[in-house]
Amino acid sequence: MQDIINNLSKLAKDKYNDNKKFFAKLKKKPPKNLDYVMQELHEEEFKRTDCLECANCCKTTGPLFTDKDIERIAKSFKLKPQQFIEQYLRIDEDNDYVLQSVPCVFLGADNYCSIYDVRPKACREFPHTDRKKFQQISNLTLKNVAICPAAFNIVEEMKKRIKV
Ligand code: SF4
Ligand code: SF4
């Protein structure tokens, strides 16, 4: 897995133009069964890929924290939201709350998340490959294929299965 992760940024760069063209066409005329196909591709990929052998998203990017995320996680630490923010978060250039640093402070050496049950919504949903109307998040996906080996494989499989 580590070999794949090490090469992912280059692999994604090589595929960037291809992927961009594919998503531009997909956006213009998404197939009627796109949600169904994505669900299938997502499930197939995550049967093969074990996030515990990877954790590259937690190591390199980290999520946005919504107000609800902050309230829920702070409560689990018995902290006030403001105390949690001061201890763990910063505001980024888009005015969103993000981690002060990566790898995520809640990631263990064994790749387990120490706040798994209350983790941010963005962590639960990453890499968003089972999202409905997937064509609408193509810009995000173009970035995610360079971080997430599963997203990379799913997009490669999409290009084979969906004729645009
Ligand atoms: S979601 Fe993707 S990047 Fe994150 S741990 Fe799973 S395979 Fe790795
Ligand atoms: S909160 Fe948990 S799932 Fe989210 S980035 Fe940190 S370690 Fe990963």
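Values for this structure:
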| quantity | calculated |
| --- | --- |
| Ellipticity estimate at 222 nm from DSSP helix runs (n ≥ 4, -39,500 (n - 2.57)) divided over the chain, nearest 500 | -16500 deg cm²/dmol |
| For the stretch 49-99: rounded, prolate or oblate by the Cα gyration tensor [a/c cutoff 1.5] | oblate |
| Kirkwood hydrodynamic radius over Cα pairs of the chain, then Stokes diffusion coefficient at 37 °C and 0.692 mPa s, in µm²/s | 192 |
| Rough spin-label spacing in nm, given labels placed 7 Å along Cα→Cβ, for K21 and V37 | 1.7 |
| Residue-normalised accessible area of the chain, expressed per residue, 1.4 Å probe, Å² | 64 |
| Label-point gap, in nm, between R161 and K80 - each point 7 angstrom along Cα→Cβ | 5.0 |
| Sparse-neighbourhood loop sites, chymotrypsin sites (Phe, Trp or Tyr not before Pro) in the stretch 93-164 - DSSP loop, at most 14 other Cβ within 10 angstrom | Y112 |
| Accessible surface of the stretch 64-124, 1.4 Å probe, proportion on carbon and sulfur as whole % | 50 |
| Of the trypsin sites (Lys or Arg not before Pro) in the stretch 56-120, those whose Cβ has at most 16 other Cβ within 10 Å and which sit in DSSP loop | K78 |
| Potential lengthening between N95 and S9 on full extension [0.36 nm per residue; Cα-Cα distance subtracted] | 28.3 nm |
| Surrounding net charge for Y16, when Lys and Arg each add one and Asp and Glu each subtract one, Cβ distance under 12 Å | +4 |
| DSSP-assigned coil residues among GluC sites (Glu not before Pro) in the stretch 73-164, each with at most 10 further Cβ atoms within 10 Å | E93 |
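The values are calculated or read from the model by the stated rules, or taken from the named source; none is laboratory data. Here the structure is a predicted model, which is why all the values come from computation and not from measurement. As a convention, Cβ positions derive from the backbone with ideal geometry for all residues, glycine included, and neighbour counts pool all protein chains shown. Keep in mind that these areas ignore ligands, DNA and RNA; they rest on the heavy atoms of the full protein, side chains included. Shrake-Rupley method; radii C 1.70, N 1.55, O 1.52, S 1.80 Å.
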